[in-house]
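Colleague: Mind having a look at this structure? Questions to follow.
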Amino acid sequence: MQKIQDRISFHDQISRNKIKSVLLILIIFAVLILLSYVIGLIYTDYFFTILIFGIIISISYVLISYYNSDKIALASVNAKPAEYSEYRQLHHIVEGLCLASGLEKPRIYVMPGNQINAFASGRDPEHSVIALTEGSLKKLNKQELEGVIGHELSHIANYDIRFMTLVAVMVGMIAIISQIFLRSLWFSGGRDRKGRGNAILMLIGIILAILAPISVQLVQLAISRKREFVADASSVKFTRSPTGLILALKKIKSEHEPMKVSGAIAPLFISNPMKRVSGLFQTHPSIEKRIEILERM
């Protein structure tokens, strides 16, 4: 019999992973400041003029994608609206969970595919969508569907699209700063524009410019995994039971055929629809770990 102290409260799980997400985003911010500071010691203002121009373009691109995230995601998977007359039970499940979570009912879509998977998108609850594969509706019973939909509703409730967009902007800024700096070395021959730099400072700048984009991308993936743990725990909060999501994840685990989707939207899904990647480069925690935590709730 499992010890009481080994049990996990979904409230604690939600709080703990939200705090970890914030700490991780602070790490990205710290890397951004450090990289900018070091490069600022090496180069003159012209560098920052080019940098600001590049950042404006990057942020504009991200914001356009952000405000059209639901349309882009739905179009990329060829999802169709789930008509009430055809998917009555699905609508009833979503409506019931929205009452439990205090959310407005999102638009519901169905996408082709025999695999079990689903995603949520939209910049806020008022512009949110949920899409499920045809395989999910065929293979999952009502309780399992509730667990999956509860998971997706939590992404909407926790403004995960907005949060991950902020992360993407900062990661993109670091990548732009690094690229501009490294390319400027090629054109300038590595000369110090301020006349006060030295070989050690330049070496530090080069190392940071190479390692910073890689490190913050790993942090970005870690944040994505933490948000999945939050969504799992929130699903338990909405449905009042971990059983449905546990059973659904076990069915997902037994499937091996990947879905053909864009890598850009793969992190949105409840489980990585593409070929599973191990280690630090996962967008999702392992299904085994998620099930283990849910079983302790």
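Colleague: May I ask you to list the residues in region 71-95 that are closer than 26 Å to residue 241 by Cβ, in a helix (DSSP H, G or I), in contact (Cβ under 8 Å) with a residue 24 or more places away in the chain and of a type outside the set (A, V, I, L, M)?
Modeller: First, the residues of region 71-95 that are closer than 26 Å to residue 241 by Cβ: 82, 87-95.
Within this subset, residues satisfying the condition of being in a helix (DSSP H, G or I) are 88-95.
The next check asks that each one be in contact (Cβ under 8 Å) with a residue 24 or more places away in the chain; those that pass are 89-90, 93-94.
Once the filter is applied, which keeps residues that are closer than 26 Å to residue 241 by Cβ, in a helix (DSSP H, G or I), in contact (Cβ under 8 Å) with a residue 24 or more places away in the chain and of a type outside the set (A, V, I, L, M), region 71-95 yields only 89.
Colleague: A follow-up question, please. So for region 261-283 (the condition being closer than 23 Å to residue 7 by Cα, part of a helix (DSSP H, G or I) and either over 14 Å from the mean Cα position of the chain (by Cα) or of a type in the set (A, V, I, L, M) (or both)), does at least one residue qualify?
Modeller: No, there is no match, as no residue in region 261-283 is closer than 23 Å to residue 7 by Cα, part of a helix (DSSP H, G or I) and either over 14 Å from the mean Cα position of the chain (by Cα) or of a type in the set (A, V, I, L, M) (or both).
Colleague: Right, another one. Being surrounded by 14 or more Cβ atoms within 10 Å (Cβ to Cβ), more than 30 Å from residue 214 (Cβ to Cβ) and in contact with a His (Cβ under 7 Å, 6 or more places away or on another chain): is that true of residue 149 here?
Modeller: Answer is no for this residue.
Colleague: What's the number of the condition residue 51 fails, among (1) modelled with pLDDT of 70 or more; (2) surrounded by 14 or more Cβ atoms within 10 Å (Cβ to Cβ)?
Modeller: Unmet for residue 51, out of (1) modelled with pLDDT of 70 or more; (2) surrounded by 14 or more Cβ atoms within 10 Å (Cβ to Cβ): (1).
Colleague: Taking residue 245, is it surrounded by 16 or more Cβ atoms within 10 Å (Cβ to Cβ) and over 24 Å from residue 76 (Cα atoms)?
Modeller: For residue 245, the condition - surrounded by 16 or more Cβ atoms within 10 Å (Cβ to Cβ) and over 24 Å from residue 76 (Cα atoms) - is met.
Colleague: Hey, does region 107-124 have a residue that's assigned to a helix (DSSP H, G or I) and surrounded by fewer than 17 Cβ atoms within 10 Å (Cβ to Cβ)? It would help to see each step written out before you state the result.
Modeller: Step one: of region 107-124, the residues assigned to a helix (DSSP H, G or I) are none.
Scanning region 107-124, I find no residue that is assigned to a helix (DSSP H, G or I) and surrounded by fewer than 17 Cβ atoms within 10 Å (Cβ to Cβ), so the answer is no.
The values are calculated or read from the model by the stated rules, or taken from the named source; none is laboratory data. Keep in mind that this is a model prediction, so the values were computed, not measured. Counting neighbours? That spans all protein chains shown, and the Cβs are built from the backbone with ideal geometry, glycine included.
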